[in-house]
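Working notes, structure below.
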Amino acid sequence: MLRVLLAGYGYGGRIIHAPLIAAAGLTVAGIVSSRRDEIAAAWPDAAVFPDLATALNHGGFDLVVICTPNDTHAELAHRALDAGLHLVIDKPFAVDSAEAQAIADHARRVGRIVTAFQNRRWDGHILTARKLLGEQAFGRISDVTLAYDRLRLVNPARWGDNNRRGSGIWLNLGSHLVDQAVHLFGKPQTIMADIFAQRPHAVVDDSFHVILGYEAFRVTLRACMTTPAPSPVIAIHGSAGSFVKYGEDTQEAMLKAGRLPGDLGWGVDPVPARFSSADGEIVGEARDIASGPGDYPAFYTGMAAAIHHSAPPPVAIEDSLLVQHLLDLGFASARDGRRLEVRA
Amino acid sequence: MINTALIGFGYAGKTIHSPLIRAAQGLDLTTIVSSRPDDVHADLPGMRVTTFDEALADPNIQLVVIATPNDLHAPQAHAALNAGKHVVIDKPFCLTVSEGEALVDHARRADRVLSVFHCRRWDSNFLTFSRIRDRLGDPYQVVLRYDRWRPEVRDRWRERDGPGSGIWFDLGSHLIDQALSQFGWPEAISADIAPQRPDAQTDDFFHTTLFYGPLRVILHSSMLTLAVGPAFEVQGSNGAFVKYGMDPQEDMLKAGRTPGDDGWGGDRDGHLTDISGNTESIASVPGNYLAYYEAIARAIADGAHNPVPAGDALKVMQVIEAGFRSAREGRRVAL
């Protein structure tokens, strides 16, 4: 059993990582946090440490999971690698490409696995889109949109109300959508970004509209916190079919509600997706298809396989470096109002 | 009655303008200029068909409606103004801002009504939104969409390469006019305008953002969309309005229905979702293109308000040009 040290017990550590780690058959052996009592109740077998250095000195871990504020990822990652541990870093992997590259280089030097926690590759609709893409169900793709539409008229506390480095929606939710685009479609050629503070009291970016240009189609990534009637989370349009799904993946809501992976109905989405087909001008019938189920535990199962059996890590470091580069370019594009080329 | 000559009997002339002019109170369609009189007579037996010059020389004709390919709009409008006619031009107004400025100036000097047929201000979607707009609070995101499934390129001037062709001129002008009418003059535009279908000869896709402070108005059109999105979507601080489906009037005209007949312009419901997540059906205000031509008749006869002054259309031309520049240079363009 892999022994995991969880660095950070905020929303991500408590709600997302700890239950998923346990569900995948890994052991939550230690947690770095000041929330000693809370942890004693929820994870009685986990040792609690006041800081990462103390935990690393204590030893006895195979893998560190970093789910602390974004601007601390890099420093903690280097410490964990210095201690010879494998590493999972919550998204966004780092705050910029320079940080991300240094982490990747360090991991290669010490021969350890480092991977970004891009759990939303295992969203139900993304798994279904991958399956349809594998079946060539779309023919020639013309247009894709991935979106986070929410209604949060008041700034949420988690990332919206401060302007410390690494805050804002583009890094925090954009990192999911950019990764989904890279996962589904590979590297884009261009990026044109609009990233801005939209709500009256927003102090950091809380809305984005970003267009990734591929050779024959565009992928639009959008997030807006002021949408009473959210648009689809995914829409893929092609010459042979359209795939449209409303409603976010259910797993995060299930985790928040205390449901665990393996529970009956885990990751099942009650809102079906819709697939519309056509052959040339002849339009076929639209039909509902199941979306998912989603499978976040696959990330940690994959990480265990990477450590034990040298399987490829669940998210390739090359993908994470590309995602970080695209996040950097997005900021630059939005600042200058220019479409930018993505490096070869 | 205002005697009216229709210039051009292609799709727009035959299907849209001719029946609307004939149905409009105060207008009398007396003359059609077409190089294909047989087409006209098949549709309208006995209609007088003349050349453009003959129509302009006819002192009984007061109003000239120009529904020819876009590159002819400016020269024909100047000629009609020189002949002392009032002029309606199908959208888009013309090819360039400078052409448009010259036309606005000419109409002012000639003291004639010059108007552009931005009929989609009388779409059911647009009229319905205007009625419920106050309930939505401050708008944050608006998407105006022409999604269609037309995988094959058609052999018609709008889809051939040439001055004034392409979808940004053709459909973009409608959506720009709707946006300017509702939200005013934007600060900037960022546009992606491109040929999307493999055998497209001109642009047949656009995805454009108009910037207004915290509001973004997105204008989108694709001919390769099977599962079309909402035609009209407004997300505001107090609620969202979402309406699927294009205004039905063009299809009604194609089907030969008489504008203004029983049930004219009737459209499916839209939906208003409030910030508690409650959704209610919103009955659509029927579309009413006839209102445009009847207002034109009053503008000419009584000096009433021009329903779409050429100055409005000039602003649309400025946005069209800025959009092309933005797409070509890959940058946001200040307006």
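A few points about this structure:
To keep it simple, each residue is scored yes or no on (1) under 30 Å from A:GLY139 (Cβ atoms); (2) at pLDDT 95 or above; (3) assigned by TED's automatic domain parsing to the domain that holds B:ASN278; (4) among the small types (Gly, Ala, Ser).
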residue: B:ASP105; (1), (2), (3), (4): no, yes, no, no
residue: B:ALA110; (1), (2), (3), (4): no, yes, no, yes
residue: B:ARG154; (1), (2), (3), (4): yes, no, yes, no
residue: B:ARG197; (1), (2), (3), (4): yes, no, yes, no
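- For region A:230-254, a tally of residues being surrounded by 20 or more Cβ atoms within 10 Å (Cβ to Cβ), among the hydrophobic types (A, V, I, L, M, F, W, C) and away from chain B (no Cβ under 14 Å) returns 1.
- All of (1) over 27 Å from B:ASP161 (Cβ atoms); (2) of a type in the set (Lys, Arg); (3) not in a loop (DSSP other than H, G, I, E, B) hold for B:LYS14 with one exception: (1).
- Looking only at region A:293-344, and only at residues there that are in a loop (DSSP other than H, G, I, E, B) and of a type in the set (A, V, I, L, M), the one that is nearest to the other protein chains (Cβ to nearest Cβ): A:VAL342
- For region B:227-243, a residue qualifies if it is within 12 Å of another protein chain (Cβ to nearest Cβ) and not in a strand (DSSP E or B), and the qualifying residues are B:ALA227, B:VAL228, B:GLY229, B:PRO230, B:SER237, B:ASN238.
- The residue that is nearest to the other protein chains (Cβ to nearest Cβ), counting only those in region A:275-292 that are surrounded by 18 or more Cβ atoms within 10 Å (Cβ to Cβ) and not hydrophobic (A, V, I, L, M, F, W, C), is A:SER276.
- Of all the listed residues (A:ARG112, A:ARG150), the sole one being of a type in the set (Lys, Arg) and assigned by TED's automatic domain parsing to the domain that holds A:GLU215 is A:ARG150.
- Residue identified as within 26 Å of B:VAL234 (Cα to Cα), crowded, with 21+ Cβ neighbours inside 10 Å, under 21 Å from the mean Cα position of the chain (by Cα) and more than 10 Å from every other protein chain (Cβ to nearest Cβ) among A:VAL182, A:VAL219: A:VAL219
- Flag if B:PRO230 is without any contact (Cβ under 8 Å) to a residue 40 or more places away in the chain and in the same structural domain as B:GLU280 (by TED's automatic domain parsing): no
- In region A:112-141, the qualifying residues are those that are in contact with a strand residue (DSSP E or B) (Cβ under 8 Å, 6 or more places away or on another chain), under 17 Å from A:LEU212 (Cβ atoms) and buried (at least 24 other Cβ atoms within 10 Å of the Cβ), and the one that is farthest from the other protein chains (Cβ to nearest Cβ) is A:ILE126.
- If you go through region B:233-273 and keep only what is within 16 Å of B:PRO139 (Cβ to Cβ) and either in contact (Cβ under 8 Å) with a residue 40 or more places away in the chain or exposed (fewer than 15 other Cβ atoms within 10 Å of the Cβ) (or both), you end up with B:GLU233, B:VAL234, B:GLN235, B:GLY236, B:SER237, B:ASN238, B:GLY239, B:ALA240, B:PHE241, B:LYS243, B:GLY270, B:LEU272.
- Candidates are the residues of region B:145-163 that are away from every other protein chain (no Cβ under 14 Å) and not in a loop (DSSP other than H, G, I, E, B); the one that is surrounded by the fewest Cβ atoms within 10 Å (Cβ to Cβ) is B:TRP157.
- Within region A:198-210, the residues that satisfy the criterion of being surrounded by 18 or more Cβ atoms within 10 Å (Cβ to Cβ), more than 12 Å from A:GLY330 (Cβ to Cβ) and either of a type in the set (D, E, K, R) or at the interface with chain B (Cβ under 10 Å from one of its Cβ atoms) (or both) are A:GLN198, A:ARG199, A:ALA202, A:ASP206, A:SER207.
- Filter result for B:ARG36 (under 20 Å from the mean Cα position of the chain (by Cα), without any contact (Cβ under 8 Å) to a residue 40 or more places away in the chain and surrounded by fewer than 21 Cβ atoms within 10 Å (Cβ to Cβ)): no
- The set of residues from region B:280-328 being of a type in the set (Val, Ile, Thr) and either loosely packed, with under 15 Cβ neighbours inside 10 Å or closer than 16 Å to B:PRO186 by Cβ (or both) comprises B:VAL316, B:VAL319, B:ILE320.
- Residue ID - modelled with the highest pLDDT, chosen from residues in region B:44-82 that are acidic (Asp, Glu) and surrounded by 15 or more Cβ atoms within 10 Å (Cβ to Cβ): B:ASP58
- Subset of region A:1-20 [more than 14 Å from A:CYS67 (Cα to Cα) and outside any loop (DSSP other than H, G, I, E, B)]: A:ARG3
- Scanning region B:101-144 for residues that are among the hydrophobic types (A, V, I, L, M, F, W, C), closer than 29 Å to A:ASP206 by Cα and part of a strand (DSSP E or B) returns B:VAL142, B:VAL143, B:LEU144.
- Test: residue in region A:227-238 that is at pLDDT below 95 and farther than 28 Å from A:ALA286 by Cβ: no
- For region B:258-271, the criterion of being within 12 Å of chain A (Cβ to nearest Cβ) and not in a helix (DSSP H, G or I) is satisfied by at least one residue.
- Scanning region A:68-91 for residues that are in contact (Cβ under 8 Å) with a residue 24 or more places away in the chain and among the acidic types (Asp, Glu) yields A:ASP71, A:ASP82, A:ASP90.
- When restricted to residues that are among the hydrophobic types (A, V, I, L, M, F, W, C) and outside any strand (DSSP E or B), region B:40-65 contains 9.
- Test: residue in region A:304-320 that is at positive phi, outside the structural domain of A:SER142 (by TED's automatic domain parsing) and surrounded by fewer than 17 Cβ atoms within 10 Å (Cβ to Cβ): yes
- As a summary of the residue check, A:ARG287 satisfies the conditions (1) in contact (Cβ under 8 Å) with a residue 12 or more places away in the chain; (2) touching a helix residue (DSSP H, G or I) at 6+ places or on another chain (Cβ under 9 Å) except for the one numbered (2).
- Leading residue by the ranking (surrounded by the fewest Cβ atoms within 10 Å (Cβ to Cβ)) among those in region B:196-213 that are assigned to a loop (DSSP other than H, G, I, E, B) and under 23 Å from the mean Cα position of the chain (by Cα): B:GLN201
The values are calculated or read from the model by the stated rules, or taken from the named source; none is laboratory data. What you are looking at is a predicted structure, and each value in this text was computed from that prediction instead of being measured. For neighbour counting, all protein chains shown are included, and Cβ atoms are generated from backbone atoms with ideal geometry for every residue, glycine included.
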